[in-house]
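Undergrad: I'd like to ask you about the structure that follows.
The values are calculated or read from the model by the stated rules, or taken from the named source; none is laboratory data. These figures come from a predicted structure and were not determined experimentally. Every residue, glycine among them, receives a Cβ derived from its backbone with ideal geometry; neighbour counts consider all protein chains shown.
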Amino acid sequence: MKVRTVEYFIREAIVSLKRNGLMSIASVSTVALSMLILGLFLVMVLNLNHMASVLESQVQISVYLQDNLSDREMREVGTKITKLPGVTMVTFVGKEEAMTRFKQRLGEQQGLLSALGDTNPLPNGFEVKVDKPEMVKPTAQAIAQFKGIETTKFGQEVVEHLFSLTKMVRWFGVLLILFLALAALFIISNTIRITVFARRKEIGIMKYVGATDWFIRWPFLIEGVILGLGGALIAVFLLAEAYGMLTSKVYESLAFLPLIPRSPFIANISGLLLVLGAMIGALGSTISLRRFMKV
Amino acid sequence: MTDVSKVYSNGSVALSDVSVNIAEGDFVFVVGPSGAGKSTFIKLIFREEWPTNGQIIVNGRNITELSLREVPFLRRGLGIVFQDYRLLPNKSVHENVAFAMEVIEAPRREIQKRVNHVLELVGLRDLARNLPSELSGGEQQRVAIARAIVNKPRVVIADEPTGNLDPDTSWEIMKIFEKINEDGTTLVMATHDKTVVDAMKRRVIAIEKGRIVRDEAIGVYGYEG
Ligand SMILES: Nc1ncnc2c1ncn2[C@@H]1O[C@H](COP(=O)(O)OP(=O)(O)OP(=O)(O)O)[C@@H](O)[C@H]1O
Ligand SMILES: [Mg+2]
């Protein structure tokens with residue numbers, strides 16, 4: 001293919017984009033909207049996944065001791081825990097320490113505690129960390145067997161909740177994205193159909209004078225790809241801005257929330273959206289060409 | 001063309017068992033009453049329609065065996081002229097003719113040279129910058145002829161090229177066809193135009209109800225109207 005021919009294709013595509021003004025804008029907007037929602041879902045699902053695995057690796061076991069243990073007995077339990085395989089850190093959390101933390105967590109609602117008076121119902125305990133996430137559960141079970149243990153707890157439930165939430169969001173997202181992608185495909189193929197129709201005479205003449213089908217197709221394909229890519233570009237821009245804002249806000253005020261850093265995460269998602277947009281555009285025009293022009 | 005039949009999908013029989021041989025450099029009229037199958041005959045040559053039966057050989061190629069991808073290359077060896085000119089309204093005369101070369105990716109210099117040459121041949125050099133809507137019917141048809149021959153086809157086929165024109169203008173068109181034919185291009189023309197056929201004294205193939213009823217080396221129209 002010659003450079004001049006490529007120029008011709010692109011020129012033709014742009015001319016017809018302009019001629020279709022309103023339809024072009026509608027197509028680009030639809031693609032932008034679907035790509036934006038797709039992007040948002042990707043960002044959300046991937047972040048939830050990320051959070052779940054970060055939390056999982058940080059999970060610690062809370063060990064609560066029976067109330068009647070002497071200091072020596074408590075120390076013995078501590079030593080036994082330290083000797084378990086995989087345990088990396090054991091911290092003693094006394095009743096008072098536990099109460100202080102509890103008050104902190106309640107924040108402004110500390111008033112609720114006044115009902116307790118001077119009594120402290122919280123038990124003595126340990127915080128245990130292990131080296132691998134999968135060691136959490138067996139270690140917790142082993143500790144529960146020791147003498148003098150009231151209960152052991154670990155954050156497994158939170159992690160599992162997060163994972164199942166991710167799964168739900170993912171399914172919902174897949175359905176929505178499928179629907180939106182179809183809508184984008186439909187509107188692009190409709191735009192191209194209008195172009196094809198407006199130029200059916202020209203296409204007919206091209207065929208009579210011996211233009212190949214590919215020669216006839218290219219301008220329409222390019223037009224479709226421009227529509228798809230244009231929409232995806234808008235979505236990518238909005239998404240990058242939004243995520244930038246979100247991450248900086250979260251780092252300021254909710255620093256403990258583990259978000260995926262903006263780069264190269266957003267760049268990767270952008271790449272994906274752009275490729276997808278271009279593909280939807282090309283597919284949309286192919287459908288129209290096949291159905292309405294048999295080229 | 002050997003034993004060619006064409007039955008349209010709605011069942012109407014346009015041609016049945018037609019066999020003709022048109023030699024290179026011939027000038028042939030295809031005549032016959034309305035609905036006889038003249039247009040179908042033309043359409044079969046450039047593979048607008050598929051024959052239901054039989055073989056068609058154009059420029060040494062059996063076009064019934066042609067795949068869809070090869071059709072454009074068949075058409076590059078043909079020049080096609082229609083009754084209704086089929087020019088692009090938003091392109092100038094020059095651009096309309098150049099278009100036929102652009103879509104087959106001819107070099108730019110070549111396009112410039114050829115377009116000027118064929119516009120000269122049909123006598124339209126001075127109107128090259130005009131739009132088709134600014135031309136008379138005869139002039140528009142000359143543009144269409146220029147476009148048909150700009151890629152140097154070995155065969156020019158025309159379906160009632162003078163159908164919309166008055167006798168004087170038709171005669172000008174025929175003079176151009178004659179010139180093209182003198183350069184060695186085969187010419188096949190379907191027509192209703194009795195005066196033209198009678199005056200040209202060329203080979204005439206008469207079709208009636210899809211069958212060849214007459215094939216004379218120097219023929220006359222032979223029908224009323
Ligand atoms: N696309 C088509 N589908 C079905 N039937 C067709 C089609 N084209 C032509 N026919 C039929 O085939 C027959 C021959 O038609 P054709 O157009 O070849 O005639 P013609 O000789 O060119 O007539 P005219 O002089 O009026 O142009 C007619 O009976 C017509 O109704
Ligand atoms: Mg006809």
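For every residue, the table says whether it meets (1) under 17 Å from the mean Cα position of the chain (by Cα); (2) farther than 18 Å from A:LEU40 by Cα.
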site: A:LEU221; (1), (2): no, yes
site: A:LEU233; (1), (2): no, no
site: A:PHE237; (1), (2): yes, no
site: A:THR247; (1), (2): yes, no
site: A:SER253; (1), (2): no, yes
site: A:ILE260; (1), (2): yes, no
site: A:ASN268; (1), (2): yes, no
site: A:ILE287; (1), (2): no, yes
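Undergrad: What are the residues in the range B:182-211 that are over 19 Å from B:GLY25 (Cβ atoms) and surrounded by fewer than 21 Cβ atoms within 10 Å (Cβ to Cβ), if any?
TA: Hits for the range B:182-211 are B:HIS192, B:LYS194, B:THR195, B:ASP198, B:ALA199, B:GLU208, B:LYS209, B:ARG211.
Undergrad: So which residues in the range B:91-150 are at pLDDT below 90, of a type in the set (Asp, Glu) and in a helix (DSSP H, G or I), if there are any at all?
TA: Matches in the range B:91-150: B:GLU102 only.
Here's the yes/no breakdown for (1) within 13 Å of another protein chain (Cβ to nearest Cβ); (2) in contact (Cβ under 8 Å) with a residue 24 or more places away in the chain; (3) of a type outside the set (Phe, Trp, Tyr); (4) farther than 24 Å from B:GLN83 by Cβ:
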site	(1), (2), (3), (4)
B:VAL97	yes, yes, yes, no
B:ILE104	yes, yes, yes, yes
B:LEU119	no, yes, yes, no
B:LEU124	no, yes, yes, no
B:LEU127	no, yes, yes, no
B:SER133	no, yes, yes, no
B:SER136	no, yes, yes, no
B:GLU139	no, no, yes, no
B:VAL143	yes, yes, yes, no
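Undergrad: Counting only residues that are crowded, with 18+ Cβ neighbours inside 10 Å and of a type in the set (Lys, Arg), which one in the range A:200-251 is nearest to A:THR286 (Cα to Cα)?
TA: Top of the filtered list is A:ARG217.
Undergrad: Take B:ILE218 and tell me if it is under 28 Å from B:SER16 (Cα atoms), surrounded by fewer than 20 Cβ atoms within 10 Å (Cβ to Cβ) and over 13 Å from the mean Cα position of the chain (by Cα).
TA: It is true that B:ILE218 is under 28 Å from B:SER16 (Cα atoms), surrounded by fewer than 20 Cβ atoms within 10 Å (Cβ to Cβ) and over 13 Å from the mean Cα position of the chain (by Cα).
Undergrad: Filter the range B:10-23 down to residues that are near ligand 1 (Cβ under 7 Å from one of its atoms) and surrounded by fewer than 15 Cβ atoms within 10 Å (Cβ to Cβ) and give me whichever is nearest to B:ARG202 (Cα to Cα).
TA: Among those that are near ligand 1 (Cβ under 7 Å from one of its atoms) and surrounded by fewer than 15 Cβ atoms within 10 Å (Cβ to Cβ), it is B:SER12.
Undergrad: Shifting gears a bit: Starting from the range B:38-50, keep only residues that are near ligand 2 (Cβ under 9 Å from one of its atoms), then list their pairs with residues that are among the polar types (S, T, N, Q) whose Cβ atoms are within a distance under 9 Å, requiring at least 6 positions of separation or different chains.
TA: Hits for this filter: B:LYS38/B:THR191.
Undergrad: Looking only at residues in the range B:197-208 that are in contact with a strand residue (DSSP E or B) (Cβ under 8 Å, 6 or more places away or on another chain) and within 16 Å of ligand 2 (Cβ to nearest atom), which one is farthest from B:VAL58 (Cα to Cα)?
TA: So the residue we want is B:VAL197.
Undergrad: Output the qualifying pairs, or none if there are none: Cβ atoms under 6 angstrom, residues six or more apart or on different chains, first residue in the range B:8-34 and more than 16 Å from B:TRP50 (Cα to Cα), second residue among the small types (Gly, Ala, Ser) and surrounded by fewer than 12 Cβ atoms within 10 Å (Cβ to Cβ).
TA: B:GLY25/B:GLY184
Undergrad: Is the range B:24-47 home to any residue that is away from ligand 1 (no atom under 16 Å from the Cβ), within 14 Å of chain A (Cβ to nearest Cβ) and assigned to a helix (DSSP H, G or I)?
TA: The answer is no; no qualifying residue exists.
Undergrad: Before we move on, is B:SER34 within 16 Å of ligand 2 (Cβ to nearest atom), over 27 Å from B:PRO132 (Cβ atoms), surrounded by fewer than 16 Cβ atoms within 10 Å (Cβ to Cβ) and not basic (Lys, Arg)?
TA: yes
Undergrad: Turning to a different aspect of this structure: So, A:ARG193, is that one within 14 Å of chain B (Cβ to nearest Cβ), touching a residue at least 24 places away in the same chain (Cβ under 8 Å), buried (at least 19 other Cβ atoms within 10 Å of the Cβ) and within 15 Å of A:ASN20 (Cβ to Cβ) or not?
TA: Criteria not met by A:ARG193.
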